[in-house]
Amino acid sequence: MKYPGVELIFDHVGHFGRFQVFIYFICAFQNMSCGIHYMGSMILVVAPEHACKPPGNVSKFVVHNTSVAKLEDVWALMSPDHKEHITAELQNGEVWDLSRCGRVRRDSPLHAANSGSEPHFPCSDGYVYDQRQWKSTVVTKWNLICDQKLFAKLIQPIFMFGVLLGAIIFGYFSDKKGRQVVLWFTSTGIFLFGILSTFTFDYYIFMIARFFLAMVTSGYLVVGFVYVTEFVGRKSRTWTSMNMNSFFVFGLIVVAFTGYFVKTWWLYQVILSSVTFPFILYCWVLPESPFWLISEGRYKEAQQLIDVMAHWNGTSRCDLCEVLSLDLSAPVGSKSAATKKPNILDLFYSWKVTSGTLTIWLVWFTVSFGFYSLSMKPIHSGDSVYINLFLVAVLEIPGYIFTSVLINKVGRRIGQAFCLFCIALFCTIIIAIPQRYYFGVIAATIFARFFIGSTFGLVYLYTAELYPTVVRSLAMGTSNMVCRVGSILAPVALYLSSTWIFMPQLSLGILSFLGGVFSMTLPETNRKPLATTWEEMALLESEHQSTSSKAVPTANEPGVENTEVVKLEDSGLGE
């Protein structure tokens, strides 16, 4: 049986008609929720300034020999590093020195110097927090400070670990069970686990809910991108796929605005989680991907879906029997004997494919490492945290527009290499410019962030185009897994910056340069149709390289159940 070129369908029913527009904006809207939860967790774990709570009613506080009656006025007098203690005089006359994680009862008068010999007491009455920026956070809810601060530090790494697992697990099940069921499951999970993490009264239940929230969010982000890519024809794929990431950025903007106006963490989380609810109302009408249906041999269902697409788009009916030489009378689920179940080893079955997979993984690792070590550094700065987040997010959108124009002109391979080389260049400039030229450093940093965002959007599209339908979601899932490793290791570079301030830029520059060099070895996919199977991919590559078919697993290779080799006929792909 011939393996069809599914891209031919779009030449008949339209590359981006009303049906695809409907599918696209529903899925893109949910991408916004993914951006919300990815960045929302970074705001939840903020630890405000704090001090040990005094053991009674306070008549006045003293900081730097200045007396104030209200605790709110104390924080304005503190230095940024909060190294000094707060002295509190109780209504019963007792005087206490309050530090971040302890308190001392003084025998000396209020304004006298502390002798240093007084006994120290633990904060058995709890803590008081600076509420000028945040009325409450997860840290203040469970007092995750001092000897409990490790529990606060675990929130973000465990969330990222859930993102890592979710990408590969749901990517695998998407290739095995279909895109539709994974989208249903992950979308419902995003809403339910988001709400559960808000109204739990136990830290451990909160962590479990956040872990599963990370898994389903990551799963949707991977599978949703593949799903949209498989519904849009090659003539419109660049712009639509690249701008799927713009909706992720809109999620960051929603986080910035919500965090700026809402200072209570549970209300903040409820508002952000509710963004998912409209998608749940519509996700049940999403059909299965035509690429996946045909790759699974479910030709009658594929024909019904194509008929609906043609009706919505106002085009003539597309007969799969004629266009793709399919046998619609074949049993449901019948596939070629040479088709095997998706396996991660498929990404390494030959040197050529292994080289491509490792190169793509390097690029994913690099842009994630750069995003979290360089782009997100402003998150840790003072009062302008939400403004910084907004500016970082807005900077991503022109990057996607620029890259869309660039890769349509020069192709995916050269476009990706160019962006990576630019990241390396501007990291070098940041290191070379003397720190006294502040605005020069800021300008170079902005350009580096610009190209990081551009590469992030491009590598999503490039990865989806490099692999056939049978392993496309798995390839995206494993790539996202490597991406999360980069985000987990990014804090290490930030930590090493205390040894040498330019360690993050040096690491990112080296990785970007290597990624750019190896990207030049990847095949070009611009304006080429998506392949459904490995055999179709060999057919496409054979138009440019006659020996490329040797790199494709055939039925005679280990792991393929039937030894009958499927012969392909050129069905016009790549024209």
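What is the number of the single condition among (1) without any contact (Cβ under 8 Å) to a residue 60 or more places away in the chain; (2) touching a helix residue (DSSP H, G or I) at 6+ places or on another chain (Cβ under 7 Å) that VAL492 does not meet?
(2)
Looking at segment 261-273 only, could you name the residues that are in contact (Cβ under 8 Å) with a residue 24 or more places away in the chain and either under 14 Å from PHE199 (Cα atoms) or polar (S, T, N, Q) (or both)?
Those that are in contact (Cβ under 8 Å) with a residue 24 or more places away in the chain and either under 14 Å from PHE199 (Cα atoms) or polar (S, T, N, Q) (or both): THR264, TRP265, TRP266, TYR268, GLN269, VAL270, LEU272, SER273.
Which of (1) touching a Lys or Arg at 6+ places or on another chain (Cβ under 6 Å); (2) farther than 24 Å from TYR372 by Cβ; (3) not β-branched (Val, Ile, Thr) does SER124 not meet, given it meets every other one?
So the condition that SER124 fails would be (1).
Can you find a residue in segment 381-390 that is part of a helix (DSSP H, G or I), modelled with pLDDT under 85 and surrounded by fewer than 16 Cβ atoms within 10 Å (Cβ to Cβ)?
Checked against the condition, which is being part of a helix (DSSP H, G or I), modelled with pLDDT under 85 and surrounded by fewer than 16 Cβ atoms within 10 Å (Cβ to Cβ), segment 381-390 yields at least one hit.
From the list TRP265, TRP239, which residue is open to solvent by less than 30 Å² (accessible area, probe 1.4 Å) and touching a Ser or Thr at 6+ places or on another chain (Cβ under 9 Å)?
Just a single option satisfies the conditions, and that option is TRP265.
Exactly one condition in (1) under 28 Å from TYR372 (Cβ atoms); (2) in contact with a helix residue (DSSP H, G or I) (Cβ under 8 Å, 6 or more places away or on another chain); (3) at pLDDT 90 or above is not met by ALA152; state its number.
Condition not satisfied by ALA152: (3).
Which of the residues that make up segment 171-186 are open to solvent by less than 10 Å² (accessible area, probe 1.4 Å) and either under 16 Å from SER295 (Cα atoms) or at pLDDT below 90 (or both)?
GLY171, SER174, ASP175, GLY178, ARG179
Sort out which residues of segment 396-415 are out of contact with any Phe, Trp or Tyr (no Cβ under 6 Å at 6 or more places or on another chain), in a helix (DSSP H, G or I) and not β-branched (Val, Ile, Thr), and write them in order of number.
Hits for segment 396-415 are GLU396, PRO398, TYR400, PHE402, LEU406, ASN408, LYS409, ARG413, GLY415.
For segment 402-458, enumerate the residues that are basic (Lys, Arg) and open to solvent by 40 Å² or more (accessible area, probe 1.4 Å).
Matches in segment 402-458: LYS409, ARG413, ARG436, ARG449.
Per-residue answers, yes or no, for (1) closer than 22 Å to LEU164 by Cα; (2) open to solvent by 50 Å² or more (accessible area, probe 1.4 Å):
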residue: VAL471; (1), (2): yes, no
residue: ASN480; (1), (2): yes, no
residue: CYS483; (1), (2): yes, no
residue: ILE488; (1), (2): yes, yes
residue: PHE502; (1), (2): no, no
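All but one of (1) in a loop (DSSP other than H, G, I, E, B); (2) at pLDDT 80 or above; (3) out of contact with any Leu (no Cβ under 8 Å at 6 or more places or on another chain) hold for MET32, so report the exception by its number.
(1)
Given the conditions (1) small (Gly, Ala, Ser); (2) modelled with pLDDT under 70; (3) closer than 25 Å to LEU8 by Cβ, report the number of the one that GLY559 does not fulfil.
(3)
Cβ-Cβ distance below 6 Å, separation of 6 or more or different chains: which pairs start in segment 224-236 with a residue that is farther than 17 Å from PHE29 by Cβ and end on one that is open to solvent by 10 Å² or more (accessible area, probe 1.4 Å) and of a type in the set (Phe, Trp, Tyr)?
SER236/PHE16
Between a first residue in segment 431-455 that is outside the structural domain of SER246 (by the TED database) and a second residue that is assigned to a helix (DSSP H, G or I) and of a type in the set (S, T, N, Q), which pairs have beta carbons less than 7 Å apart while being 6 or more apart in sequence or on different chains?
If the second residue must be assigned to a helix (DSSP H, G or I) and of a type in the set (S, T, N, Q), the pairs left are ILE431/GLN505; ARG449/SER375; ILE452/SER375; SER454/THR403; THR455/GLN416.
Which residues, counting only those in segment 129-159, are crowded, with 18+ Cβ neighbours inside 10 Å and more than 28 Å from SER99 (Cα to Cα)?
PHE159
The values are calculated or read from the model by the stated rules, or taken from the named source; none is laboratory data. No experiment lies behind these values; they were computed from the predicted model shown. Positions of Cβ are backbone-derived with ideal geometry, glycine not excepted, and every protein chain shown enters the neighbour counts. SASA here: full protein model, heavy atoms, side chains in, ligands and nucleic acids out. Shrake-Rupley method; radii C 1.70, N 1.55, O 1.52, S 1.80 Å.
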